[in-house]
Amino acid sequence: MAGNEVVPVDKALKQVEQISSLGLALASLEFLTQPQVFTDTGLLSWQVERSRHKLTAGKLGDLLDYLFKPPGIYLIYQLRLAAAVALINPYSSKKVRDVSVAYIAATNYLLHFRIRYGTDGTEHMSLLTYATLTASRIFANDEKAKEACAWFLAGQTNLSYFAAGLSKLVGAPWRNGMAMPGIFRTTVYGDKRVYELLKSRPRLAKAAGWGVVASELAMPLMMAAPKLPAWAMLGMGGGFHVGNAVFMGLNRFVYSFVGTYPAIVHVAKHMSANDVNLLADFFRKLRRG
């Protein structure tokens, strides 16, 4: 192999870093442009948050004040923004990328402890993504380890879609058409235009609900689907997240989930016939219960 030849799995994981870091940079900017939320009277006050745990109510909490109250918390996000920009930049050196991935992975867990409000699928996926990327850099000279990292990201994303679809399937509102109007009438995730449209067209609301369920359940099939249907399903997944960003304000979901798509594409392209058979057996056993 030529010295400057890029290994396919390295290319896929670098693309995961770049796309995922776009969302992380956006999240860091959102927090840095609203510094008041971290003050003692702010929504994310550490004085309030530390009282939730016995461990941080005493001396340990006093020490963490330096890190979790302004200006310490601002510095954490400033460095996360710098690390994200370094990963987005295709010309950053390996050493810079190693340090940036490790810093983001570490502070993901730190901030998960610091901020309990508003943590959802985006943050959970980010935790797993950057932990996996860190592992791939620790074992940078082990191609099998890096392939395992790509497989894990692809599997985690497909499992997330499938689990979400399955949980919706057992919920009556998603089957009877009540779920979508119910979501879009809320203040946090709602959109009046979409709500009025779905409310006035019950059949459309029911079809939309079933469409979401079916799409999420079917997403894992992209791993073994022919090229054209597989790309169509990825496009459908990406479009779903863009729609959530536009109409529900879930803009970071686009980058956290679509950010793992290069790993999915890599795994799907390099799957062997035996891998496909193993997946088929898994879904047959799952269907039988």
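The values are calculated or read from the model by the stated rules, or taken from the named source; none is laboratory data. Because the structure is a prediction, the values reported are computed rather than measured. So basically every Cβ, Gly included, is an ideal-geometry build from the backbone, and we count neighbours across all protein chains shown. The accessibility values were calculated without ligands, DNA or RNA, using every heavy atom of the protein model including side chains. Shrake-Rupley method; radii C 1.70, N 1.55, O 1.52, S 1.80 Å.
With a ≥ b ≥ c taken as the square roots of the eigenvalues of the C-alpha gyration tensor of the chain, please select rounded if a/c is under 1.5 and otherwise prolate if a/b is larger than b/c or oblate if it is not? Oblate is the answer for the chain, as a/c is 1.5 or above yet b/c matches or exceeds a/b.
Across segment 186-197, rounded Karplus estimates of 3J(HN,Hα) from the backbone phi angles (6.51 cos²θ - 1.76 cosθ + 1.60, θ = phi - 60°) give 6, 6, 6, 10, x, 8, 4, 4, 5, 4, 4, 5 Hz, Gly and Pro being marked x. In the context of the full set of protein chains, segment 1-99 has a per residue accessible area of 58 Å² (1.4 Å probe). Entry note, segment 48-143: relative contact order of 22 percent, from Cα contacts under 8 Å with a spacing of 6+ residues. Extending 7 Å from Cα along the Cβ direction at Ala102 and again at Leu60 yields two label points whose distance is 2.5 nm. Using Cα springs under 10 Å in a Gaussian network model of the chain, which residue among Arg116, Arg80, Arg50 shows the largest mean-square fluctuation? Largest GNM mean-square fluctuation: Arg116.
Here the Karplus relation 6.51 cos²θ - 1.76 cosθ + 1.60, evaluated at θ = phi - 60°, turns the backbone of segment 120-128 into coupling constants of 9, x, 4, 5, 5, 5, 5, 4, 5 Hz, with x for every Gly and Pro. Over the residues of the chain, the helix contribution to mean residue ellipticity at 222 nm works out to -24000 deg cm²/dmol, using -39500 (n - 2.57) for each DSSP H run of at least 4.
If a/c stays under 1.5 just call it rounded; otherwise compare a/b with b/c (prolate if a/b is bigger, oblate if not). Do that for segment 48-138, with a ≥ b ≥ c from the square roots of the Cα gyration tensor eigenvalues.
Values: a/c = 2.40, a/b = 1.85, b/c = 1.30.
Prolate is the answer for segment 48-138, as a/c is 1.5 or above and a/b outweighs b/c.
Going down the table (Lys11/Lys206; Lys206/Lys269; Lys168/Lys192), which pairs top 32 Å between alpha carbons? Pairs exceeding 32 Å: Lys11/Lys206; Lys206/Lys269.
Simple spin-label estimate for Val85 and Val48 gives 3.2 nm between the two label positions (7 Å along the Cα-to-Cβ direction from each Cα). Excluding residues fewer than 8 places away in the same chain, name every one of the aspartates and glutamates whose C-alpha is closer than 20 Å to that of Lys69. List returned: Glu30, Asp40, Glu49.
Sequentially through segment 60-75, phi angles give Karplus couplings (6.51, -1.76, 1.60; θ = phi - 60°) of 4, x, 5, 5, 6, 3, 5, 8, 9, 9, x, x, x, 5, 5, 5 Hz, Gly and Pro residues having no value and appearing as x. When the accessible area of the chain is computed with all protein chains present and a 1.4 Å probe, what percentage of it is carbon and sulfur? Using a 1.4 Å probe with all protein chains present, the chain comes out at 65 percent carbon and sulfur.
From most to least packed by mean Cβ count within 10 Å, the peptides 11-17, 209-215, 87-93, 133-139 give 11-17, 133-139, 209-215, 87-93.
When both segment 55-103 and segment 164-238 are represented by their alpha-carbon centers, they are found 36 Å apart.
Find out how many positive minus negative residues lie around Arg97, taking Lys and Arg as positive, Asp and Glu as negative, among other residues whose Cβ is under 13 Å from that of Arg97.
The answer is +1.
Taking a probe of 1.4 Å, how large is the accessible area per residue of segment 126-245, in Å²?
Details: 6510 Å² over 120 residues.
The answer is 54 Å² per residue.
Net charge dipole, segment 134-282: roughly 720 debye, given to the nearest 20, about the Cα centre with Cβ charges of +1 for Lys and Arg and -1 for Asp and Glu.
For the chain, what is the relative contact order in percent, using Cα pairs closer than 8 Å and at least 6 residues apart in sequence?
Details: 307 pairs, mean separation 66.6, N = 289.
Relative contact order of the chain: 23 percent.
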